[in-house]
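Read-outs: derived from the displayed coordinates by stated rules, not from any lab. All of these numbers come straight from a predicted model, not from anything done at the bench. Here the Cβ is made from the backbone with ideal geometry for all residues, glycine too, and neighbour counts use every protein chain on show.
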Amino acid sequence: MSIPTSTSVVESTVIKAPLSHVWHQIKLQNFSKFWTALKSSQAEKGVSDETDVVTWVFKDGTELEVKQEEHSTINHFITYSVISAKPELSYTSVLSTIRCYPITSGEFEGSTFVQWSGDFSSDADAGVIQDAVFKRRDALADLAQAAIKM
């Protein structure tokens, strides 16, 4: 019997670097430059000009083909979906969004607030959701390290 669980994940952090340093990192084909769990992130050739598809190869051997669904350099967000996986995923789909906001006043003025959400299909179980939480936390910490070094 499966345990009922929320199929949404939202992780966030404050990165002590300006928005430009953080946003510069957030291109699907460049994720392996900051996310230490990835061995490579390579844009796929032969896909139509309107479609941005990137293959992420994780150090554990997992491969994900991710498709950029939406991107805004004005509002500083990117939305992507997983379109294939090796090994096959235990759930049908996930749509993820990374949003960046400049912090303009207060203690963290000059820093960037980053939020990474994921909306999974209803067949994702608690283990999938928990794994997504930890992956996002680790990736956000790696993103912070990369942005601070710029």
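Ordering 101-109, 32-40 by mean Cβ neighbour count within 10 Å, with the highest value first, yields 32-40, 101-109. With both labels modelled 7 Å from their Cα along Cα-to-Cβ, the residue 6 to residue 21 distance reads 3.1 nm. With R₀ set to 35 Å, the beta-carbon distance separating residue 141 from residue 45 gives a calculated FRET efficiency near 0.65. For the cross-link pairs 16/59; 67/135; 16/135; 33/67; 33/59; 27/86, which exceed 25 Å when the distance is taken from alpha carbon to alpha carbon? Check vs 25 Å cut-off fails for 16/59. Counting Lys and Arg as +1 and Asp and Glu as -1 over every other residue whose Cβ lies under 14 Å from the Cβ of residue 88, the net charge comes to -2. Each Lys and Arg contributes +1 and each Asp and Glu -1, all at the Cβ; summed about the Cα centre of the chain, the dipole is approximately 540 debye. Taking all C-alpha pairs of the chain, those more than 25 Å from each other amount to 28 percent.
Placing unit charges on the Cβ atoms of the charged side chains and taking the dipole of the chain about its Cα centre, the candidate lying farthest along the positive direction among 148, 41, 93 is 148. Each Lys or Arg adds one and each Asp or Glu takes one away; over the other residues whose Cβ falls under 14 Å from the Cβ of residue 130, this sums to -1.
To the nearest 10 degrees, how steeply does helix 126-149 sit against the main Cα axis of the chain, on a 0 to 90 scale? Once rounded, the angle reads 30 degrees.
In the neighborhood of residue 12, defined by Cβ-to-Cβ distances under 12 Å, what is the net charge if each Lys or Arg adds +1 and each Asp or Glu adds -1?
Numbers: positive: 99, 136, 137; negative: 11.
Neighbour charge sum, excluding residue 12 itself: +2.
Testing the spin-label approximation: label points 7 Å from Cα along Cα→Cβ at residue 134 and residue 36. State their distance in nm. Between residue 134 and residue 36, the label points sit 1.5 nm apart. Across the range 12-20, rounded Karplus estimates of 3J(HN,Hα) from the backbone phi angles (6.51 cos²θ - 1.76 cosθ + 1.60, θ = phi - 60°) give 8, 7, 9, 9, 7, 8, x, 3, 4 Hz, Gly and Pro being marked x. Counting each DSSP H run of 4 or more residues in the chain as -39500 (n - 2.57), what helix-only mean residue ellipticity at 222 nm follows after dividing by all residues, to the nearest 500 deg cm²/dmol? The helix-only estimate for the chain comes to -6500 deg cm²/dmol at 222 nm.
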